[in-house]
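Beneath this line is the structure, given in structure tokens, with notes to follow.
The values are calculated or read from the model by the stated rules, or taken from the named source; none is laboratory data. Model, not experiment: these values are computed from the prediction. FYI the Cβ positions are ideal-geometry reconstructions off the backbone, even for glycines, and counts take in every protein chain you see. Side chains are part of the model used for accessible areas, which takes the heavy atoms of the whole protein and leaves out ligands, DNA and RNA. Shrake-Rupley method; radii C 1.70, N 1.55, O 1.52, S 1.80 Å.
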Amino acid sequence: MNWDEYAEWAGRIGTWGADYHKGLRHRPVRAQTRPGEIAAQLPESPPEGPAPMEDIFADIDRIVMPGITHWQHPRFFAYFPSNAAPPSMLADQVTSVLAAQCMLWQTSPAATEVETKVLDWLRQGLGLPEGFAGVIQDSASSATLAAVLTMRERALNFEGNRKGLAQGPVLRIYCSAEVHSSIDKAIWVAGIGQDNLVKVPITPGDPLRGIDTGALRAAIEADKAAGFVPAGVIACVGGTGTGATDNVAAVMDVAEAFDLFTHVDAAWAGSAMLCPEFRTLWDGVDRAHSVVMNPHKWLGTNFDLSAHFLRTPDDLVRTLAIQPEYLKTHGADGIINYSEWSIPLGRRFRALKLWFLIRGYGMEGLRTRLRNHVTWVQGLCEQLRAEPGVEIVTEPILALFTFRYGTDDAFNLDLVNAINDDGRIYLTQTKVDGVTAIRFTGCQFDATREDVETAFGVITEIAAAIGEGAQ
Ligand SMILES: *Cc1c(COP(=O)(O)O)cnc(C)c1O
């Protein structure tokens with residue numbers, strides 16, 4: 001392909017993309033294909049010769065699109081969103097065109113310096129104190145792994161990387177029972193072992209489903225008495241199932257009493273902290289060592305861009321920096337090599353998409369969207385609460401609540417499946433204290449009040465239809 005053809009196709013794909021987004025409301029949200037249906041349309045072996053772009057691109061509409069679940073659909077109410085605002089998509093195109101590998105300052109000074117600045121904009125926007133330093137990780141999972149490795153090294157006097165873990169003490173890390181599975185995985189990968197992730201129960205009756213900090217303190221004391229070495233605590237702000245949120249200040253009180261490294265996982269809910277009125281949800285976060293939030297979820301930078309803030313990066317860098325001779329930047333003082341702050345060496349120029357997003361909407365534009373989502377979802381919750389047979393299982397935390405019809409788990413699972421087969425909206429289920437509940441989260445970037453309100457009609461209509469069928 002020559003560059004003139006490239007330019008023509010870039011334009012065509014831009015037009016195709018705009019048409020796709022404008023027509024999203026007419027598509028079923030969840031892909032409606034069966035397993036294997038897409039793969040069966042691809043040849044078994046790669047082509048030996050080149051194909052014209054015309055043919056390659058035609059297969060997007062023909063083969064790929066039927067197998068796409070439309071995450072940017074305004075009525076995507078499942079999981080958490082993966083919002084992608086158009087300015088950030090354009091920035092990502094620029095990143096792809098430059099295709100710079102931004103592992104060190106000198107491998108693209110602009111990438112490092114824009115990242116530093118834009119993450120500081122975000123820090124200010126979130127109300128984190130001055131001094132917190134940000135780095136872009138590819139995902140919250142990676143940020144949490146980096147934090148867990150830092151807990152490990154700090155507890156082992158920074159000797160674990162060299163000596164391995166076999167001779168060392170048994171380390172313990174603490175969190176609530178409501179944390180995301182990425183915490184468990186980080187514990188596995190860090191060599192700490194699932195058995196040493198102590199899942200402390202939540203406070204009975206707490207509407208926020210936060211960790212019982214009395215039980216946390218007791219667990220740490222019991223572990224110390226038993227000869228274990230406590231290494232860190234992970235607090236949860238806006239857990240995935242129900243939005244469970246720990247009392248961060250109370251967690252910090254305990255962690256500080258034992259000098260433990262603390263990490264706050266606010267992957268989804270963190271975006272809402274752009275709005276000062278929501279910040280009570282993470283009061284005490286300024287005392288954490290490490291905080292992760294995902295602009296690639298609610299905020300609108302297309303996947304992937306996870307913002308990881310460190311109260312001081314020293315321990316993290318001491319854990320992750322590795323400097324063979326060929327990676328050293330000689331003679332340049334006072335520069336940041338962000339690959340020393342993360343697990344992968346290579347890094348894309350991700351900061352561009354946050355830069356474009358923030359400039360494209362302004363902080364106030366982003367706050368308006370976040371506030372609307374919270375208001376609309378809480379309105380829908382009230383509508384459903386008034387509906388006969390509906391129980392609100394967990395109250396709204398920001399823009400997430402869970403509900404169920406009656407007491408039959410199987411009926412609620414059938415209802416979710418029927419709703420998703422219908423295609424007008426997309427929901428997922430969760431378990432709350434062992435019981436099946438339906439999650440509703442309305443944080444899609446382009447959602448309107450009408451889109452969220454549509455959900456009420458769809459849910460009640462399909463519940464009535466399958467309720468009758470069941471009788
Ligand atoms: C989505 C989510 C994660 C994982 O985020 P990735 O960026 O996909 O790794 C972690 N924690 C919580 C609370 C989440 O909602």
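Tabulated results
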| read-out | value |
| --- | --- |
| Qualifying residue in the range 4-19 (condition: of a type in the set (D, E, K, R) and surrounded by 14 or more Cβ atoms within 10 Å (Cβ to Cβ)) | no |
| Residue under evaluation Ser139, criteria (1) open to solvent by less than 50 Å² (accessible area, probe 1.4 Å); (2) away from the ligand (no atom under 16 Å from the Cβ); (3) in contact with a Phe, Trp or Tyr (Cβ under 9 Å, 6 or more places away or on another chain), criterion not met | (2) |
| Scan of the range 206-256 for residues that are of a type in the set (D, E, K, R) and surrounded by fewer than 24 Cβ atoms within 10 Å (Cβ to Cβ), ordered by number | Asp206, Asp212, Arg217, Glu221, Asp223, Lys224, Asp253, Glu256 |
| Search result, residues across the range 376-430 that are outside any strand (DSSP E or B) and of a type in the set (Val, Ile, Thr) | Val377, Thr407, Val416, Ile419, Ile425 |
| Some residue of the range 427-436 being modelled with pLDDT of 95 or more, of a type in the set (Asp, Glu) and either over 30 Å from Arg279 (Cβ atoms) or open to solvent by 40 Å² or more (accessible area, probe 1.4 Å) (or both) | no |
| Residue satisfying all of: in the range 48-95; of a type in the set (Ser, Thr, Tyr) and closer than 24 Å to Glu8 by Cα; surrounded by the most Cβ atoms within 10 Å (Cβ to Cβ) among these | Ser88 |
| Check on Ala155, open to solvent by 10 Å² or more (accessible area, probe 1.4 Å), more than 16 Å from the ligand (Cβ to nearest atom), within 21 Å of His289 (Cα to Cα) and within 23 Å of the chain's Cα centre (by Cα) | no |
| Output for the range 377-392, where each listed residue is open to solvent by 30 Å² or more (accessible area, probe 1.4 Å), more than 23 Å from the chain's Cα centre (by Cα), over 12 Å from Ile459 (Cα atoms) and at pLDDT 95 or above | Gly379, Glu382, Arg385, Ala386, Glu391 |
| Pairs, first closer than 17 Å to Asp304 by Cα in the range 86-113, second open to solvent by 70 Å² or more (accessible area, probe 1.4 Å) and not charged (D, E, K, R), C-beta under 8 Å, six or more apart | Ala91/Trp355; Met103/Leu345 |
| Subset of the range 268-280 (residues that are open to solvent by less than 10 Å² (accessible area, probe 1.4 Å) and more than 16 Å from the ligand (Cβ to nearest atom)) | Leu274, Cys275 |
| Candidates Asp283, Asp265, Asp259, filtered to the one that is within 13 Å of the ligand (Cβ to nearest atom), modelled with pLDDT of 95 or more and open to solvent by 10 Å² or more (accessible area, probe 1.4 Å) | Asp265 |
| Search result, residues across the range 332-376 that are basic (Lys, Arg) and either farther than 19 Å from Ser306 by Cβ or open to solvent by less than 60 Å² (accessible area, probe 1.4 Å) (or both) | Arg347, Arg350, Lys353, Arg359, Arg367, Arg369, Arg371 |
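Per-residue answers, yes or no, for (1) over 30 Å from Cys275 (Cα atoms); (2) touching a residue at least 60 places away in the same chain (Cβ under 8 Å):
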residue: Val118; (1), (2): no, yes
residue: Gln124; (1), (2): no, no
residue: Glu130; (1), (2): no, no
residue: Ile136; (1), (2): no, yes
residue: Gly160; (1), (2): yes, no
residue: Pro201; (1), (2): no, no
residue: Ala222; (1), (2): yes, no
